[in-house]
Amino acid sequence: MALKIIDHGTPEYWQMVKLRNDILRKPLGLGFSEQELESETNNMLIAAFEDDDILGCCMLVEENPKTVRLRQMAVLNDLQGKGIGRALMSFAENIARDRGYKILSMHARKNALGFYEKMGYEIASDEFDEVTIPHYVMEKKL
């Protein structure tokens, strides 16, 4: 498995968009707008590949000079629980740390809290709805 930063607009990026749509959006009856995808140009786009096949992905978005936010974490359904998410998180944390960020935050889906807690994240908000489902803000000091 190869973990890498990918460029917006490349064939790898479009694989990432398809994965995120299939895993995160379609099950909720949602999709991506053109503006939403255009706004990702300056994000740090991270993906796991086996040869040319995408296995999982996430992105980092600067909130302020000290805090970066993890978004759009997704792993192929049949590969969940096999360490891909853990590898993506570690890679993303290292990138954030290397770029000088002190805190990694996210809006975590309620059903994923256990995964993030095992990775050292703590709940930092009350429950709220986002994209029609319950979420919590979670944070970790890097």
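Among the residues making up the range 73-130, those that are part of a loop (DSSP other than H, G, I, E, B), over 16 Å from Val61 (Cβ atoms) and either modelled with pLDDT under 95 or not aromatic (Phe, Trp, Tyr) (or both) are Leu76, Gln80, Gly81, Lys82, Gly83, Met119, Gly120, Ala124, Ser125, Asp126, Glu127. Is it the case, given these coordinates, that Met119 is in contact with a helix residue (DSSP H, G or I) (Cβ under 9 Å, 6 or more places away or on another chain), surrounded by 14 or more Cβ atoms within 10 Å (Cβ to Cβ) and either among the basic types (Lys, Arg) or more than 21 Å from Phe49 (Cα to Cα) (or both)? Taking the combined requirement at face value, the residue satisfies it. When Arg25 is tested against (1) on the phi > 0 side of the Ramachandran plot; (2) of a type in the set (D, E, K, R); (3) in contact with a Gly (Cβ under 6 Å, 6 or more places away or on another chain), only condition (1) is not met. Can you name the condition, by its number, that Lys18 falls short on among (1) in a helix (DSSP H, G or I); (2) of a type in the set (Lys, Arg); (3) within 17 Å of Met89 (Cβ to Cβ)? Checking Lys18 against (1) in a helix (DSSP H, G or I); (2) of a type in the set (Lys, Arg); (3) within 17 Å of Met89 (Cβ to Cβ), the one that fails is (3). Against the list (1) of a type in the set (D, E, K, R); (2) free of Cβ contacts under 8 Å to residues at least 12 places away in the same chain; (3) in a loop (DSSP other than H, G, I, E, B), the condition Glu40 fails is (2). When Glu63 is tested against the conditions (1) surrounded by fewer than 19 Cβ atoms within 10 Å (Cβ to Cβ); (2) in a strand (DSSP E or B); (3) at positive phi, the lone failure is (3).
The values are calculated or read from the model by the stated rules, or taken from the named source; none is laboratory data. Predicted model only: the values in this text are computed from it and were never measured. Counting neighbours? That spans all protein chains shown, and the Cβs are built from the backbone with ideal geometry, glycine included.
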